[in-house]
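A short write-up of the structure that comes next.
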Amino acid sequence: MHLNTWNEFRHAVYSSFLQGKDALFNLLDALLSECEAQSLIELSLSPHFQRTWDSVYEALSDGKIDERRLRELFLEYLVRPALDHPLRIGIDASNIARPKAVTSPDRSGQKVPNLPDGEQAITYGWQFSTVVALPATPGSWTYVLDHAPHRDLDHCGPGGRSPTGASGSSPPEKHPGLHGSWV
């Protein structure tokens, strides 16, 4: 990516932050540069995080992000494949079971497959779906197009299926950038 394009992208990401812009952006820089950090405190020690350690928690607590704008931004800056190569999309739906995390009110019910007889087939935790653009050459990097939590199973139709047929998921959004000859 050209340096000017990178700077434009960074400015656009910054503009998608609605509240706590500076602290969120410093935290983003720390996340991108400190691959060995294993805690929020360690992220706050990054030279890219130019605030005190408690600002990490304040940024996460009070910061607000225009999620729709950020998704559109990722699509806008997505590296397009050559015209003779198809765009490859990967989708992952992952469960993070945390049945004993009673202080996390945003957990939802999750179906648990392949349990022994007599075990409860539902646990509680988080469910996420991630949509990525896969690179032509396999590697450890990819472009995240969307990452969203699933809805609670209680809000789904019969059999835990949403109206779109995907278990516990919201209907897909139509993204204006996903059209044209490169799809």
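When the criteria are applied in full, A37 meets the requirement of being crowded, with 16+ Cβ neighbours inside 10 Å, without any contact (Cβ under 8 Å) to a residue 12 or more places away in the chain and either touching a Leu at 6+ places or on another chain (Cβ under 6 Å) or within 30 Å of L134 (Cα to Cα) (or both).
Would you pick out the residues in the stretch 82-98 that are touching a strand residue (DSSP E or B) at 6+ places or on another chain (Cβ under 8 Å) and either exposed (fewer than 10 other Cβ atoms within 10 Å of the Cβ) or part of a loop (DSSP other than H, G, I, E, B) (or both)?
L87, R98
Could you check the stretch 67-81 and list, in sequence order, the residues that are more than 18 Å from the chain's Cα centre (by Cα) and surrounded by 14 or more Cβ atoms within 10 Å (Cβ to Cβ)?
Taking the stretch 67-81 first, the residues more than 18 Å from the chain's Cα centre (by Cα) are 79-81.
Scanning the stretch 67-81 gives a single hit, P81.
Among residues of the stretch 32-50 being among the hydroxyl-bearing types (S, T, Y) and part of a helix (DSSP H, G or I), the one that is nearest to L70 (Cα to Cα) is S33. Looking only at the stretch 51-81, residues that are of a type outside the set (K, R), within 19 Å of V132 (Cα to Cα) and not in a helix (DSSP H, G or I) come to 4 in all.
Here D62 meets the list (1) free of Cβ contacts under 8 Å to residues at least 60 places away in the same chain; (2) within 18 Å of V144 (Cβ to Cβ); (3) among the acidic types (D, E) almost entirely, failing just condition (2). Pull up the stretch 8-31, narrow it to residues that are outside any helix (DSSP H, G or I) and surrounded by 17 or more Cβ atoms within 10 Å (Cβ to Cβ), then point me to the one that is farthest from the chain's Cα centre (by Cα). Here the residue is G20.
Can L60 be described as aliphatic (A, V, I, L, M), surrounded by 13 or more Cβ atoms within 10 Å (Cβ to Cβ) and modelled with pLDDT of 85 or more? For L60, the condition - aliphatic (A, V, I, L, M), surrounded by 13 or more Cβ atoms within 10 Å (Cβ to Cβ) and modelled with pLDDT of 85 or more - is met.
The values are calculated or read from the model by the stated rules, or taken from the named source; none is laboratory data. Source: prediction; values computed, not measured. No Cβ is skipped: glycine too gets one built from the backbone with ideal geometry, and neighbour counts run over all protein chains shown.
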